[in-house]
1. Give the number of residues within the range 164-189 that are surrounded by fewer than 21 Cβ atoms within 10 Å (Cβ to Cβ) and modelled with pLDDT under 80.
2. Restricting attention to the range 193-252, which residues are aliphatic (A, V, I, L, M), surrounded by 23 or more Cβ atoms within 10 Å (Cβ to Cβ) and within 25 Å of GLN57 (Cα to Cα)?
3. For residues that are part of a strand (DSSP E or B), at pLDDT below 95 and farther than 20 Å from ALA140 by Cβ, tally how many sit in the range 206-252.
4. Determine whether the range 42-60 contains at least one residue that is surrounded by 12 or more Cβ atoms within 10 Å (Cβ to Cβ), within 19 Å of THR92 (Cβ to Cβ) and not aromatic (Phe, Trp, Tyr).
5. Among the candidates THR53, THR92, THR78, which residue alone is closer than 11 Å to TRP123 by Cα and either more than 17 Å from the chain's Cα centre (by Cα) or of a type in the set (Ser, Thr, Tyr) (or both)?
6. Being surrounded by fewer than 20 Cβ atoms within 10 Å (Cβ to Cβ), of a type in the set (D, E, K, R) and at pLDDT below 95 is the requirement here; does ARG148 meet it?
7. Where residues in the range 190-201 are closer than 20 Å to TYR18 by Cβ and assigned to a strand (DSSP E or B), which of them is modelled with the lowest pLDDT?
8. Taking strands (runs of 3 or more DSSP E) that do not extend beyond the range 1-120, which have at least 1 residues that are farther than 23 Å from ARG142 by Cα?
Amino acid sequence: MTKVFPQQGSLKTINITYQTPQETLLGSSETLPTSEPTDPQIAYTVQAGDLPTFSLQPYSKIWIATLHPAGKFVTAGTLSWRMIKNGGSVATGTISVAANYYYTISAFFYDVTIEDILGVKLWSNRTDSNWDYKAYFIRASRFVFFNRLMLFKPISYTVSNLPVLTLGNPGVPYEGQERIQLDSGQYIVMDAVGTFLFEVCYQKTTYGLFRKYYGDVSYQNTMLSQTHASYRPYYYRDKSSTQIIFRELKLP
């Protein structure tokens, strides 16, 4: 019987560079309408310069855009919201906001492309509610680096919390995991920042090497919200790999 042993390819390093979030804090807040506006107050057009860059371009990946509108309710009331993509409704809903509390929305747009126009409409059942902050950031998920099933050995991930918002008085209630997806039901949870070494990982065609939690594993094309007495924005973010080092295992 002939034994077949895999051959190790050369050591490869993939650096993933995320863009600085686009943030705006208004000098004067804008009052929210009491009915749904025609146009979204918060809107961005996806540009090539917004996307993360790779030192080794993946065969495929998914872009997840997140919009973070925020503002304040003077009187307790209900905030209504609608996510818009290219003029069409993606999702809508309401949240309750206490008196003199800030609200922040994290709206996750799954699988966006360049020139997509993304927006969030906001309106209130009170006349003294406002918005004064917005941010926009794009993350990558489901990296497939080669157009074939393959093993990576050894594999090193360097992981950071992204995005990092700086304007206003930012806070983070929860930080999502990055999942190394082994198959449709099995995965390794990346739940810390730093550099981690795995003996072997298997790239799957559907999920690639890993998936983002917010906007992919959960909350595709919908939003999460938070309210707080002082934090604004109070936003959700994920673990994100910024460097991957590996050797490909090849069968002779």
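The values are calculated or read from the model by the stated rules, or taken from the named source; none is laboratory data. None of these values were measured; they are calculated from a predicted model. Cβ: placed from backbone, ideal geometry, glycine included. Neighbour counts: every protein chain shown.
1. Selection size over the range 164-189: 8.
2. LEU209, ILE244
3. Residues in the range 206-252 being part of a strand (DSSP E or B), at pLDDT below 95 and farther than 20 Å from ALA140 by Cβ: 4 in total.
4. Checked against the condition, which is being surrounded by 12 or more Cβ atoms within 10 Å (Cβ to Cβ), within 19 Å of THR92 (Cβ to Cβ) and not aromatic (Phe, Trp, Tyr), the range 42-60 yields at least one hit.
5. Step by step, each of THR53, THR92, THR78 is checked, and only THR78 is closer than 11 Å to TRP123 by Cα and either more than 17 Å from the chain's Cα centre (by Cα) or of a type in the set (Ser, Thr, Tyr) (or both).
6. When the stated conditions are applied, ARG148 passes them.
7. Initially, the range 190-201 is screened for residues closer than 20 Å to TYR18 by Cβ, giving 190-196.
Add one more test, that the residue is assigned to a strand (DSSP E or B), and what stays is 190, 194-196.
Numbers: MET190: 71, GLY194: 84, THR195: 85, PHE196: 79.
This residue is MET190.
8. Values: elements: 7-17, 22-31, 42-45, 60-67, 70-73, 77-85, 88-97, 101-110.
Filter on the range 1-120 gives 7-17, 22-31, 42-45, 70-73, 77-85, 88-97, 101-110.
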